[in-house]
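Notes to accompany the following structure.
The values are calculated or read from the model by the stated rules, or taken from the named source; none is laboratory data. All figures in this text were calculated on a predicted structure; none of them were measured in a lab. In this analysis, Cβ positions are derived from the backbone assuming ideal geometry, glycine residues included, and neighbour counts consider all displayed protein chains.
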Amino acid sequence: LDRLRLFVGLPLDAVSDGNSVNHARAIGAGLKALKLLGVEGVELPVWWGVVENEMGKYDWSGYLAVAEMVQKAGLKLHVSLCFHASSQPRIPLPKWVTKIGESQSSIFFADRSEQHYQQCLSLAVDDLAVLDGKTPVQVYQGFCESFKSTFSPFMGSTITGISMGLGPDGELRYPSHHKPAKSGTITGVGEFQCYDTNMLNLLKQYAEANGNPLWGLGGPHDAPTYDQAPNSNSFFKDHGGSWESPYGVFFLSWYSSELVSHGNRLLSLASSIFGDTEVNVYGKVPLMHSWYKTRAHPSELTAGFYNTASRNGYEAVAEMFARNSCKIILPGMDLSDEHQPHDALSSPESLLAQIRTTCNKHRVEVAGQNLASGAPGGLEQIKKNMLGENPIDLFTYQRMGAHFFSPEHFPSFTEFVRSLSQPELHPDDLPSDEAEATESVQTSSDPNIHLQTA
């Protein structure tokens, strides 16, 4: 694997209560199997809600235990700092933050019907002292500095990369699609998330500064709801949609620039803290590929990317990553156009190509992830993406657990890894000690290990 660094994600709840490692035996056997297979390292989600249960008091003990296990196994470690909550497995935000949110719901994003998304903080409060006299950016800074000093013995040797959490699921985006799609239906366009008090204040200031105070009273009134198609209302219509009107351009410019500014605040913070270490800093950008074949690209617009048939919305994003010397993680490298529902006018391959070309132009290195284990033809698609003309910096395969080591999955993953490094080797040539390690993982694997992506 000279050209490509391959990592495997550890279970989302590898540590869930601060000081103990869940499924420690299974993870230990899994690390051994991955080392024998030639994988370079593993990715570990580190949760704000697990570590900082009381403001300014950090308990890293469970995560230190995992770092020691990884170091002993001779593997590298990529750490994802998660400033969001997970619903499955359930890992909430820190209790003290949730408590503040109970009386101050405006620390969370809100949609048009004023429902709040409580899995991460609104980007509009980044620099407001809403957390017991501190700003979220100051709180994230304290967390990162504590992480850096606690894990200094591992930095640059075992720990080679850190992902900075930037929003929902750790991604740089608004939570525009947080309502689960009804089964059997096509993904709707999502909703703009600009209705919490602080976002509305920013919009009002922007509108007044632009000489259009009436435009600052709220988001588009003619946008569809979460699970509707683009043409169910007039904002996203391909021809004559208000996204192309002077108001549409004004609103989308503001909404997308707030997201880029938020990314810049957090990545510049991470770069300043980790810049003197041997560790690379990453941020994750989502692949909002539904409706990509329409002119308006509504799923991208509601998520905060002003990308349309006539405008490259990823220029500003790539430029911001370049300015902070950070690398971009792109998920969905296992998705192919042929397996998307025809009516969704989706194109994960075209969107991925567009973002990668834009990153290349700004000299931003790209790392990849698969969206979920089990997309049809996923391993072949990943291989195609990894070994194309713009090879990627690193790929993280999601995620270790009972399914990962199952007879239905592990042999094909083994073959996939072999084909990257030694295309001529047959999977039957697996060394016997590796086969034994895999067997011990299968017997000690806990069926409750969760496999969702962080």
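Brief remarks follow.
- Residue that is surrounded by the most Cβ atoms within 10 Å (Cβ to Cβ) [pool: residues in segment 369-409 that are of a type in the set (Phe, Trp, Tyr) and under 22 Å from Gly161 (Cα atoms)]: Tyr397
- Residues that are more than 19 Å from the chain's Cα centre (by Cα), among the charged types (D, E, K, R) and more than 16 Å from His289 (Cα to Cα) occur at least once in segment 344-364.
- Taken over segment 146-161, the residue count meeting the criterion of being under 21 Å from the mean Cα position of the chain (by Cα) and among the hydrophobic types (A, V, I, L, M, F, W, C) is 2.
- Candidate set: segment 371-382, residues that are modelled with pLDDT of 80 or more and under 14 Å from Pro331 (Cα atoms); chosen: the one nearest to the chain's Cα centre (by Cα): Leu371
- Checking Met320 against (1) part of a helix (DSSP H, G or I); (2) of a type outside the set (Val, Ile, Thr); (3) buried (at least 24 other Cβ atoms within 10 Å of the Cβ), the condition it does not meet: (3)
- Just so you know, in segment 27-54 the residues that are assigned to a strand (DSSP E or B) and out of contact with any Leu (no Cβ under 7 Å at 6 or more places or on another chain) include one that is farthest from Thr158 (Cα to Cα), and it is Glu54.
- Residue within segment 55-77 that is farther than 25 Å from Ser157 by Cβ, outside any helix (DSSP H, G or I) and under 23 Å from the mean Cα position of the chain (by Cα) present: no
- Residue tally, condition closer than 18 Å to Pro92 by Cα and assigned to a loop (DSSP other than H, G, I, E, B), over segment 11-26: 10
- Every residue from segment 252-309 that is in contact with a strand residue (DSSP E or B) (Cβ under 7 Å, 6 or more places away or on another chain), part of a helix (DSSP H, G or I) and of a type in the set (S, T, N, Q): Ser271
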